[in-house]
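The block underneath contains the structure these notes are about, expressed in structure tokens.
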Amino acid sequence: MKPCFASEQAAEKRQRTGAGQDAGAHTGIHSSRSVLDCASPLALSARRARKGIVVSGCTIAGMTLAFLLVGLAATAQSSTQKPGETKSPWTRIVMVGASATAGFTAPEAFGGTDTPYLRMSRYLDAALLAPHEPIQNLAHALFFMQPEAGGRQQISDAVEAKPTLVIGVDFLFWFCYGEMRSDAERLRRFEKGLKLLEEISCPLVLGDIPDASAGVETGVLSASQVPSASVLAAANKRLKEWAASRPQVVIVPLATFMRAALADEPIALRGYVFTRGKTRALLQDDKLHPTREGAAVLALAALDAFQSARPDLSTNGVRWNPQDVFRLGSRAQAVTPRNASKQEASSALPAGK
């Protein structure tokens, strides 16, 4: 991917500022833990007590030392965290959603060698310089079949993971799209999607609802699955109202991304500009799902939306150069989602077109 970037030099200078970040961030967070086996002296003392043996001063001293070391080991982990200090939102990220997040391409409807390289989590992981655990991608390409049941399961699994940040760029898409009898039914289902998301108490990044009617032309969507313009407007208005009363919720403009990509119009992101005539390559031929490049841009867009809402976070925690994120994400070892079959992926791919 070699789009023309208007501010590449300035952005590269910013990137060098954060070059000293921990190079091991992508392998996850690992903390050393002391292991103390104090059972032997305690058990010996207990046996002696049962036999009526007089415990010597040396034994008492040994027991005292053992108890002291046990107490130190128990507090070893918490000693590195300051009182009142909270985890970074980058620490444990969980992704939820449908095929755009899970990764999908029509020639491999049930998975294949290219599908793992379309998973948005690959590029999110490549973009993060801040220390973080491996990103959990709970999204599923078949989410459209049962969005309510599938969404309920994903949110349950996400909550169980105790995340510090949840990202659902396309989670709400099938709560508005799909086979439904009326506009009123679409809006009722949309409310159900919002209700499920109320279980998430940590920061949450959600995509708004795009106009994906172009997918009817390619056959990836049927006309009956597409909501009317009035329903799209109502759903996005409701999403903004819902998010406004929840300060932990941030909206990423998925609708703007898709509109610009379909029209081959410029897209700007953190000083990098995809020029006119270059953005259509961010969507596949089906005019619905992102390409590898598109997945990288959407991952950065989600991070940009969250970072913009959290000025307290250092911008050095993210690699903002889309070319670098695409290159690293394409070559990184694939992280298989819990709900996907294990697949092997090549570690060497072309960096782009």
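Tabulated data for the structure shown
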{"quantity": "Pairs, first polar (S, T, N, Q) in segment 146-163, second crowded, with 23+ Cβ neighbours inside 10 Å, C-beta under 7 Å, six or more apart", "calculated": "Gln154/Val96; Gln154/Leu138"}
{"quantity": "Residue match in segment 189-199 (condition: within 17 Å of the chain's Cα centre (by Cα) and under 28 Å from Asn321 (Cα atoms))", "calculated": "no"}
{"quantity": "Residue list for segment 154-181, filter: buried (at least 17 other Cβ atoms within 10 Å of the Cβ) and over 15 Å from Leu232 (Cβ atoms)", "calculated": "Gln154, Ile155, Ala158, Pro163, Thr164, Leu165, Val166, Ile167, Gly168, Val169, Phe171"}
{"quantity": "Breaking point among (1) closer than 22 Å to Trp174 by Cα; (2) out of contact with any Lys or Arg (no Cβ under 7 Å at 6 or more places or on another chain), for Pro227", "calculated": "(2)"}
{"quantity": "Subset tally (residues that are of a type in the set (S, T, N, Q), surrounded by 16 or more Cβ atoms within 10 Å (Cβ to Cβ) and either in a loop (DSSP other than H, G, I, E, B) or not assigned by TED's automatic domain parsing to the domain that holds Ala130 (or both)) for segment 314-328", "calculated": "1"}
{"quantity": "Count - residues of segment 250-270 that are buried (at least 17 other Cβ atoms within 10 Å of the Cβ) and in a helix (DSSP H, G or I)", "calculated": "7"}
{"quantity": "Of all residues in segment 182-240 being of a type in the set (D, E, K, R) and assigned to a loop (DSSP other than H, G, I, E, B), the one that is surrounded by the most Cβ atoms within 10 Å (Cβ to Cβ)", "calculated": "Asp208"}
{"quantity": "Output for segment 86-112, where each listed residue is part of a loop (DSSP other than H, G, I, E, B) and modelled with pLDDT of 95 or more", "calculated": "Pro89, Trp90, Thr91, Arg92, Val96, Gly97, Ala98, Gly103, Phe104, Thr105"}
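The values are calculated or read from the model by the stated rules, or taken from the named source; none is laboratory data. These figures come from a predicted structure and were not determined experimentally. With ideal geometry, Cβ positions are generated from the backbone for all residues, glycine too; neighbour counts draw on all protein chains shown.
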